[in-house]
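Below: the structure, in structure tokens.
The values are calculated or read from the model by the stated rules, or taken from the named source; none is laboratory data. Since the model is a prediction, treat every value here as computed from it, not as a measurement. Cβ atoms come from the backbone with ideal geometry, glycine included; neighbour counts cover every protein chain shown. The area values use the complete protein model at the heavy-atom level, side chains included, leaving out ligands, DNA and RNA. Shrake-Rupley method; radii C 1.70, N 1.55, O 1.52, S 1.80 Å.
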Amino acid sequence: MPWNADEYRDFFVKQNRFEPYEFQMRAAEMLAERKNLVLAAPTGAGKTLTVLTPFLFGGWVDRPTRLIYAVPLRTLAQGIYEEARALARRAGKDPDEFVRMQTGEQPDDPFFELGKIVVTTYDQVLSGLLSGPYGLSGSLHNINSAAIAGALVVFDEFHLMEPQRAFLTGAAGLHLFRDLTQCVWMTATATSPLCDELRSAVGAEDASPSEAEIADLPTVAKVTRTLTLEAQPLSAESVLRASSGRTIVICNTVPRAQALYHALRAELPDDVPVLLLHSRFFKTDRAEKVAALRRLFGKEASGRAVLIATQVIEAGVDISCDDLHTELCPMNALVQRAGRCARYPGEDGTVHVYPLLEDAPAWLPYGTLQAPDETLDATLKVLEQHTLSSQPLTPGVSGQWVEMVHRKLDESTLRDGWQQRLDVMLGRIHQNSIQRNPTRVSDLIREESVDEISVIVAKPANLPDAPGKREAVSISRWQLRPFVNDASGVEQSPRAWTWSFGDADPGVLPHWEPLETDAQLRRAFVVCVSPAVASYSKEAGLEIGTSGDEESPERALPPKRGYKPLHRESWAKHARAVAQAAERRTIEQDGVPGFLGNGLEARFGLTAAEVQRAAYASGVLHDLGKLQVSWQRWAEAWQKKKEAGYEHLEGLAHTDFDPDNFEDRAANRGFQPRRPPHAAASALVACGLLAQELRVAPEREGLLASAVLASVLAHHGGWLPHAPDMGIDPLWARWQPDLAAAHIEHTSAALIDELYRQKNRSGIVGELLDVTTTLDTLRDAWPLVSYLMRTLRLADQRATAEGSEGVC
């Protein structure tokens, strides 16, 4: 069905209660044509609605099945999340199910599969893409590697991506998944080199409003905004001298904002509201502050009020003021900040820009701990040249200044381009997913000094069972360095702890470890600090370096699929259930056939039926290794321990086990015989069954068989054992009836026996894997391989949970 502009215009008006701008109409049609877009428009132009509204429109045929909306900071996500929920509600969707938040503070959709709209951060998307997902166990390294497949990915305010890190990684990653993913890159301040790089990497087309359209926007034509460069650094006195109505103050760092808040609160009368907003407030307190912001700084607001904030209000917060005071920051960020001044039609406002204090690290987060970003000096020079008197700040002027400051540096930074970054990315993916030599990925996303991690506050006696059971706040990693515990041998109580998943030892449960080294801090995704070194108040938030009594509030963990108590389940039933869940997932959740199916056919020549068959084959073959003699011996012994009178008449995939039961966990750690691994054995046996299960055209059989085999081998996060014989046992006596019960037909016992007779079993498996998983073949094949890995792992979780409930 062709795109119907009139129907979409009516839908937009019904959803948003105003007529769309023409650039919004063009962008929607371009999305429906499967194009990747760059959208540069001033703050207040409605960029968010430009991408959210089309996704909800039923007239977009074969659209992506979900929208992943990524922002640079966790604290910017809340506004987008609320806006998406409101839109979903007006479209007749259940916002609790349709829209999910996935951040370190609110990890409601860790695998990017539950919500149709998932609001998240760059870090979450890119770390998953690199097979090193933040906040997940190392054994889940590959589950989000293809989370963007079949999705529309929006990178909002992408000017805040460090060009040499997150920006190039994002551009290269979207190129890697070309045809399988659609993307939109939005900002008010992109330079031409960044846009050129996106055109090269992902074929992005310009969906921005024209100069004439920008001039006609009410937020441009009917406001007056001027800019003044102040001579001295920002202080409480300078704010008080140049503000009488609604005043917003933006500091570069949280400690600066907190200090200024305390100073202003002490000077202003009690009847003048003074608010502080930054990334270190717990959820309830932050929600109260956001509600107060809308009341005091929203469209209908009037009267005197003061807000002190950090970058958290640069985007996604619809507020305005008469006077905006800001510390010097890069020009692209300054333009974003200025968008919070005189934002609404009919308003006048002044932006006051202050030089930085000379002491380090006043420039952070713009630069490193050692030196400021060179754009700070360039921004100051441009302002000195063009603001001898109050300078009208229009979108045209802003754009010229951004090009003057950032263009040359962006050109220099992007000289090696996305192609070289793709080589680096593939190397990391190969290490993390294929060699299983885990390596960090954060350096391809953010510079360490601005890299934020989750921090919770708890006393040593109250450390939570899991980090997610307490609310977290965001803190720059470098600011925690002073609280790395002294490991010199001096007796003292720990001041900070980091979470360990215990992946290195199957017998070790996840636990807190004292934070004793910088290396631990660099690897950490969450840190717990003692209130002895961190105080909290609802007025100032978390203040590092001062003692207090408050601890992080408790929070309910979202339900985890696949983590319910396990009940005895036959191998054949589980194999069928996972195969059916995997096949069903491709159709019902991923868009095969549909958007993703069309992309897979364009990229790999695979029909929808062949992709569905591959998903089914991955599922039905994934646990073949559980039919080993040693695995079934363990299953029989454990089940007899749990169930009186049990007879082992068929192969088992699961036994009765409750991971939340202390007795079960304790018994499992010392139980004999030990349960052996099974993924490698599954891959070996699958080599003899793939052809009959796939039934694909000969020219595509090698590619698809290799990708399916890789998903089977990696479905618990591992890879090939080093030993040539792979250290696996023969299959147990009843394996052929089990296969028949799983509807695996025409089994050749002789072929399976031949595989087991080979001395170099890993060579046989490795030869087939090499079709898709060497560094040379990964560039073309990884999207297919990682998609099948993800499909199998999620299907296994669902089928396991349903099987544990007695549903299949």
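Some points to look at:
- Checking each residue in the stretch 349-362 for being modelled with pLDDT under 90 and open to solvent by less than 30 Å² (accessible area, probe 1.4 Å) picks out only ALA362.
- When ARG603, ARG633 are checked against the criterion of being within 18 Å of SER570 (Cβ to Cβ), among the basic types (Lys, Arg) and touching a Pro at 6+ places or on another chain (Cβ under 8 Å), a single residue qualifies: ARG633.
- Leading residue by the ranking (surrounded by the fewest Cβ atoms within 10 Å (Cβ to Cβ)) among those in the stretch 124-149 that are in contact with a helix residue (DSSP H, G or I) (Cβ under 7 Å, 6 or more places away or on another chain) and outside any loop (DSSP other than H, G, I, E, B): LEU126
- For VAL119, the conditions (1) open to solvent by less than 10 Å² (accessible area, probe 1.4 Å); (2) of a type in the set (A, V, I, L, M, F, W, C); (3) touching a Gly at 6+ places or on another chain (Cβ under 9 Å) are fulfilled apart from (3).
- Restricting attention to the stretch 23-43, the residues being over 25 Å from LEU393 (Cβ atoms) and open to solvent by 20 Å² or more (accessible area, probe 1.4 Å) number 8.
- Taken together, VAL290, VAL306, VAL335 contain a single residue that is surrounded by fewer than 24 Cβ atoms within 10 Å (Cβ to Cβ) and among the β-branched types (Val, Ile, Thr), which is VAL290.
- For the stretch 195-216, the set of residues classified as assigned to a helix (DSSP H, G or I) and open to solvent by 10 Å² or more (accessible area, probe 1.4 Å) consists of CYS195, ASP196, GLU197, ARG199, SER200, VAL202, GLU211, ALA212, GLU213, ILE214, ALA215, ASP216, listed by residue number.
- One residue alone among ARG440, ARG446 is at pLDDT below 90 and crowded, with 20+ Cβ neighbours inside 10 Å, and that residue is ARG446.
- Among the residues making up the stretch 112-128, those that are touching a residue at least 60 places away in the same chain (Cβ under 8 Å) and within 9 Å of the chain's Cα centre (by Cα) are TYR122, ASP123, LEU126, SER127.
- Scanning the stretch 511-552 for residues that are under 18 Å from THR75 (Cβ atoms), over 24 Å from the mean Cα position of the chain (by Cα) and in a loop (DSSP other than H, G, I, E, B) yields a count of 3.
For every residue, the table says whether it meets (1) part of a helix (DSSP H, G or I); (2) more than 30 Å from SER320 (Cα to Cα).
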{"position": "TYR8", "(1), (2)": "yes, yes"}
{"position": "PHE11", "(1), (2)": "yes, no"}
{"position": "GLN15", "(1), (2)": "yes, no"}
{"position": "ALA27", "(1), (2)": "yes, no"}
{"position": "ARG34", "(1), (2)": "no, yes"}
{"position": "THR53", "(1), (2)": "yes, no"}
{"position": "PRO64", "(1), (2)": "no, yes"}
{"position": "GLU83", "(1), (2)": "yes, no"}
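- Count - residues of the stretch 313-327 that are closer than 30 Å to LEU409 by Cα and either open to solvent by 10 Å² or more (accessible area, probe 1.4 Å) or in contact with a Cys (Cβ under 6 Å, 6 or more places away or on another chain) (or both): 4
- Scanning the stretch 651-660 for residues that are under 15 Å from LYS640 (Cβ atoms) and either hydrophobic (A, V, I, L, M, F, W, C) or exposed (fewer than 10 other Cβ atoms within 10 Å of the Cβ) (or both) yields a count of 2.
- Test: residue in the stretch 366-389 that is open to solvent by less than 60 Å² (accessible area, probe 1.4 Å), touching a strand residue (DSSP E or B) at 6+ places or on another chain (Cβ under 6 Å), over 29 Å from ILE214 (Cβ atoms) and not basic (Lys, Arg): no
- Residues satisfying the stated conditions in the stretch 52-84, i.e. buried (at least 20 other Cβ atoms within 10 Å of the Cβ), of a type in the set (Val, Ile, Thr) and modelled with pLDDT of 95 or more: THR53, ILE68
- Checking the stretch 773-784 against the condition returns no match, with no residue being touching an Asp or Glu at 6+ places or on another chain (Cβ under 8 Å), in a helix (DSSP H, G or I), open to solvent by less than 60 Å² (accessible area, probe 1.4 Å) and more than 29 Å from GLN419 (Cβ to Cβ).
- Qualifying residue in the stretch 85-106 (condition: crowded, with 18+ Cβ neighbours inside 10 Å, touching a residue at least 24 places away in the same chain (Cβ under 8 Å) and assigned to a helix (DSSP H, G or I)): yes
- Of the residues making up the stretch 221-245, those that are touching a Ser or Thr at 6+ places or on another chain (Cβ under 7 Å) and among the basic types (Lys, Arg) number 0.
- HIS648 being touching a helix residue (DSSP H, G or I) at 6+ places or on another chain (Cβ under 6 Å) and free of Cβ contacts under 8 Å to residues at least 40 places away in the same chain: yes
- Scanning the stretch 175-193 for residues that are in a helix (DSSP H, G or I) and open to solvent by less than 10 Å² (accessible area, probe 1.4 Å) turns up just one, LEU176.
- Some residue of the stretch 623-645 being hydroxyl-bearing (Ser, Thr, Tyr) and open to solvent by less than 10 Å² (accessible area, probe 1.4 Å): no
- Single residue of the stretch 317-348 satisfying the filter (part of a loop (DSSP other than H, G, I, E, B) and of a type in the set (A, V, I, L, M, F, W, C)) that is modelled with the lowest pLDDT: VAL317
- Residues (out of contact with any helix residue (DSSP H, G or I) (no Cβ under 9 Å at 6 or more places or on another chain) and assigned to a helix (DSSP H, G or I)) located in the stretch 413-431: GLN431
- Criterion (at pLDDT 95 or above and either among the acidic types (Asp, Glu) or open to solvent by less than 40 Å² (accessible area, probe 1.4 Å) (or both)) met by exactly one of GLY548, GLY541, GLY507: GLY541
- Any chance PRO95 is touching a Lys or Arg at 6+ places or on another chain (Cβ under 6 Å) and closer than 29 Å to LYS289 by Cβ: yes
- Unmet criterion (only one of (1) assigned to a strand (DSSP E or B); (2) within 30 Å of GLU358 (Cβ to Cβ)) for SER238: (1)
- A Cβ distance below 8 Å, combined with a sequence gap of six or more or placement on separate chains, defines the contacts here; from the stretch 768-780, residues that are modelled with pLDDT of 95 or more reach residues that are in a loop (DSSP other than H, G, I, E, B) and not charged (D, E, K, R) in the pairs LEU768/CYS687; LEU769/LEU720.
- Among (1) within 27 Å of GLY396 (Cα to Cα); (2) open to solvent by less than 10 Å² (accessible area, probe 1.4 Å); (3) small (Gly, Ala, Ser); (4) within 25 Å of the chain's Cα centre (by Cα), the one test that GLY46 misses: (2)
- On inspection, PHE12 passes the criterion of being more than 15 Å from LEU67 (Cβ to Cβ), open to solvent by less than 40 Å² (accessible area, probe 1.4 Å) and more than 25 Å from the chain's Cα centre (by Cα).
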